[in-house]
Amino acid sequence: MIRLIIVALLLTLYIDAKCDRNAKILISTYSKVKACKNNYIIFSDGTKMVYDDGKRKSFEQRLKNADIQDMFYDKYPIGSCKTPRFNHDPGRYRNDRFFRKIYGSSASSVRKNLVRVRWLPKSLKRTVYIKVHKNIASKMRAVSNELDRLPQKYKKYLYPMGGTFNWRNIAGTHRLSSHSFGTAIDINVKYSAYWRWSKGKYRYQNKIPCKIVNIFEKYGFIWGGKWYHYDTMHFEYRPEIIKASR
């Protein structure tokens, strides 16, 4: 009987230990995340999601079936714009259920929470607005204002844009794009590179200046150009990934 009690206590400690530093980052980052207990992320409405499913996964398995802990698998290289190493895709692993809980479970529910942010108000001759989720509007506005202060040579990369909110799956998958939640922006497609567009042998490509990337990162956005499976037009709001990498 005593042995069973000891085993139960050790198991409880083991499960609680899974609520690690990254789980605490989620709690401090997203107001809807209230706690991590017994390997569950607990939301403000009392619902729970498994934090770590305990499964060993290949690269493809993490992409297709990431638990919440898997989202932190690769460390994001803040400030560096070096060529990514093989299959290093920090932030590309997403748990759809988690982000549906944070931003909205359907296109209509997200759309109700979209607000307009003016893009490069001083640089563009005509008024241009982008639609983003209200939770990130202040961050996107700060990004826009700081990009607006860059020298003119940088502006060609920033406008016209590839898009913001769009409830859709990632190309070639059944997984939701971060654009579905109004938390991502694609800058000028003309100067962008995307791994699926590449022909022949793999070759990393990028024209986006690191100065632009650094500004986005300053406000909690990650850049698809830091993925081995690169998408250099793409920025998405993932402050938990930035915080975990510091």
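The values are calculated or read from the model by the stated rules, or taken from the named source; none is laboratory data. In this text the structure is predicted, and so the values were computed from the model without any measurement. Quick reminder, even Gly has a Cβ in these numbers, built from the backbone with ideal geometry, and neighbours come from all protein chains shown.
Here's a check for you: in segment 134-191, which residue that is of a type in the set (A, V, I, L, M) and more than 30 Å from GLN61 (Cα to Cα) is modelled with the lowest pLDDT?
First pass over segment 134-191, keeping only residues of a type in the set (A, V, I, L, M): 136-137, 140, 142-143, 147, 150, 158, 161, 170-171, 176, 184-185, 187, 189.
Imposing the further condition that a residue be more than 30 Å from GLN61 (Cα to Cα) reduces the set to 137, 140, 142-143, 147, 150, 158, 161.
Details: ALA137: 98, MET140: 98, ALA142: 98, VAL143: 98, LEU147: 98, LEU150: 98, LEU158: 98, MET161: 94.
This residue is MET161.
Starting from segment 155-173, keep only residues that are touching a residue at least 60 places away in the same chain (Cβ under 8 Å) and under 18 Å from SER106 (Cα atoms), then list their pairs with residues that are among the hydrophobic types (A, V, I, L, M, F, W, C) and assigned to a helix (DSSP H, G or I) whose Cβ atoms are within a distance under 7 Å, requiring at least 6 positions of separation or different chains.
TRP167/ALA107; TRP167/VAL110
Got a number for residues in segment 34-44 being within 19 Å of ASN135 (Cα to Cα) and without any contact (Cβ under 8 Å) to a residue 12 or more places away in the chain?
Within segment 34-44, residues that are within 19 Å of ASN135 (Cα to Cα) and without any contact (Cβ under 8 Å) to a residue 12 or more places away in the chain number 1.
If only one of TYR237, TYR219, TYR230 is more than 20 Å from ALA142 (Cβ to Cβ), buried (at least 17 other Cβ atoms within 10 Å of the Cβ) and at pLDDT 95 or above, which one is it? It would help to see each step written out before you state the result.
Values: TYR237 fails: more than 20 Å from ALA142 (Cβ to Cβ); TYR219 fails: more than 20 Å from ALA142 (Cβ to Cβ).
After applying the criteria, what remains is TYR230.
Would it be correct to say that ILE215 is touching a helix residue (DSSP H, G or I) at 6+ places or on another chain (Cβ under 7 Å), assigned to a helix (DSSP H, G or I) and farther than 17 Å from MET71 by Cβ?
Yes, satisfied.
Would you check if there is a residue in segment 103-115 being under 14 Å from HIS179 (Cα atoms) and in contact with an Asp or Glu (Cβ under 7 Å, 6 or more places away or on another chain)?
No, because not a single residue in segment 103-115 is under 14 Å from HIS179 (Cα atoms) and in contact with an Asp or Glu (Cβ under 7 Å, 6 or more places away or on another chain).
If I ask for residues that are under 28 Å from THR47 (Cβ atoms) and in contact with a Leu (Cβ under 9 Å, 6 or more places away or on another chain), which ones from segment 88-126 would you list? Let's see the steps before the verdict.
So the first thing to find is which residues in segment 88-126 are under 28 Å from THR47 (Cβ atoms), and the list is 90-115.
Passing the criteria: ARG92, TYR93, ARG94, ASP96, PHE98, PHE99, ARG100.
In segment 116-136, what residues are among the charged types (D, E, K, R) and touching an Asp or Glu at 6+ places or on another chain (Cβ under 9 Å)?
LYS122, the sole residue that qualifies.
Determine whether segment 62-76 contains at least one residue that is farther than 24 Å from GLU217 by Cβ, among the aromatic types (Phe, Trp, Tyr) and in contact with a strand residue (DSSP E or B) (Cβ under 9 Å, 6 or more places away or on another chain).
So far as segment 62-76 goes, no, none of its residues is farther than 24 Å from GLU217 by Cβ, among the aromatic types (Phe, Trp, Tyr) and in contact with a strand residue (DSSP E or B) (Cβ under 9 Å, 6 or more places away or on another chain).
Name the residue that is nearest to SER245 (Cα to Cα), counting only residues in segment 46-75 that are in contact (Cβ under 8 Å) with a residue 24 or more places away in the chain and part of a helix (DSSP H, G or I).
Residue satisfying both the conditions and the ranking: PHE72.
Would you mind finding the one in LYS131, LYS153, LYS139 that is basic (Lys, Arg), surrounded by 15 or more Cβ atoms within 10 Å (Cβ to Cβ) and more than 16 Å from ILE222 (Cα to Cα)?
Selected residue: LYS131, the only one of LYS131, LYS153, LYS139 that is basic (Lys, Arg), surrounded by 15 or more Cβ atoms within 10 Å (Cβ to Cβ) and more than 16 Å from ILE222 (Cα to Cα).
If GLY225 passes every condition in (1) more than 22 Å from PHE99 (Cβ to Cβ); (2) not in a loop (DSSP other than H, G, I, E, B) but one, which one does it miss?
(1)
Looking only at segment 60-76, count every residue that is buried (at least 17 other Cβ atoms within 10 Å of the Cβ) and either over 17 Å from the mean Cα position of the chain (by Cα) or not aromatic (Phe, Trp, Tyr) (or both) and tell me the total.
Final tally of qualifying residues: 9.
Only one of (1) touching a Leu at 6+ places or on another chain (Cβ under 8 Å); (2) buried (at least 19 other Cβ atoms within 10 Å of the Cβ) fails for ARG168. Which number is that?
Only one criterion is unmet by ARG168, namely (2).
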